[in-house]
Amino acid sequence: MPTDAIKVVAALIRDEAGRVLLVRKRGTMAFMQPGGKRDAGEDDIAALAREIAEELGCCALRDTIQPLGEFDAVAANEPGRRVHACLYAVDVTGDLVPNREIDAMIWVDPATPPDIPLAPLTRDHVLPLAARRRDARHA
């Protein structure tokens with residue numbers, strides 16, 4: 001991992017049809033996984049649950065959280081930087097509503113995503129992983 005990488009947690013959330021949830025943050029173009037940076041003292045699970053609640057207004061079902069790996073990519077919104085993401089599959093409960101910094105959300109088939117701008121992490125790692133693992137409930 002590059003020492004100056006932006007360290008984040010990212011959620012792979014699927015619906016019953018196996019589609020993957022992507023979000024777009026306010027003032028940006030690229031769609032990506034919900035998630036974000038850890039607050040001081042937070043472990044990955046706490047950060048993931050907090051980010052999901054803040055961004056989507058729903059609750060992560062903690063007993064469903066499964067690590068999927070760690071991935072590095074060019075940062076979508078910070079030129080010249082890289083991102084290091086710990087990716088987790090997670091089920092959620094409650095209504096998903098874009099909150100706080102989230103401007104839009106979309107469900108996509110990971111095998112055939114629409115022609116929209118995608119964050120490099122999402123395009124190069126998350127969607128290919130999700131397409132290979134087609135179980136409708138888990139990554």
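Stokes-Einstein at 20 °C, 1.002 mPa s, Kirkwood radius from Cα pairs: D for the stretch 6-132 in µm² s⁻¹?
On the way: Rh = 14.4 Å.
Here the translational diffusion coefficient equals 149 µm²/s.
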Potential lengthening between Asp115 and Lys7 on full extension [0.36 nm per residue; Cα-Cα distance subtracted]: 36.1 nm
Using the Cα centre of the chain as origin and beta-carbon charges of +1 (Lys, Arg) and -1 (Asp, Glu), tell me which of Thr93, Pro110, Ala53 is placed farthest towards the positive end of the dipole. Pro110
Could you grab the relative contact order for the chain? Cα pairs under 8 Å, six or more apart, rounded to a whole percent. 34 percent
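For the stretch 43-100, what does the relative contact order come out to in percent, with C-alpha contacts under 8 Å and a separation of six or more?
Working: 89 pairs, mean separation 23.9, N = 58.
In percent, rounded to a whole number, it is 41.
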As an exercise, use a Förster radius of 22 Å and the Cβ-Cβ distance of Ala17 and Gln66 to find the FRET efficiency, rounded to the nearest 0.05. 0.70
Go through 108-117, 13-22 and give me the packing order, highest mean Cβ count within 10 Å leading. 13-22, 108-117
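Mind giving me the FRET efficiency for Asp43 and Asp124? R0 is 22 Å, r the Cβ-Cβ distance, nearest 0.05 is fine.
On the way: r = 26 Å, r/R0 = 1.19.
With a Förster radius of 22 Å, E is 0.25.
Before rounding to the nearest 500, sum -39500 (n - 2.57) across all DSSP H runs of length at least 4 in the chain and divide by the residue total; then give [θ] at 222 nm in deg cm²/dmol. Don't jump to the answer; show the numbers that get you there.
On the way: 2 runs with 19 residues, N = 139.
Mean residue ellipticity, 222 nm, calculated: -4000 deg cm²/dmol.
Which of the peptides 68-75, 125-132 is most tightly packed, and how do the rest follow, judged by the mean count of other Cβ atoms within 10 Å per residue?
Working: 68-75: 16.1, 125-132: 19.0.
The packing order, highest mean first, is 125-132, 68-75.
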What residues qualify as long-range amide H neighbours of Lys7, i.e. H under 5 Å apart, gap of 5 or more or another chain, H built at 1.01 Å from N? His84
Size of the dipole of the chain about the Cα centre, Lys and Arg at +1 and Asp and Glu at -1 on the beta carbon, nothing else charged, in debye to 20? 260 debye
Please list, ordered by chain and number, the residues whose modelled amide H lies under 5 Å from the amide H of Arg81; skip anything fewer than 5 residues away on the same chain. Ala75
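Bear in mind these aren't lab numbers, they're just calculated from the coordinates by the rules spelled out. Remember, it's a predicted structure, so these values are computed and weren't measured experimentally. Methodologically, a virtual Cβ is constructed for each residue, glycine included, from the backbone with ideal geometry; neighbour enumeration extends over all protein chains shown.
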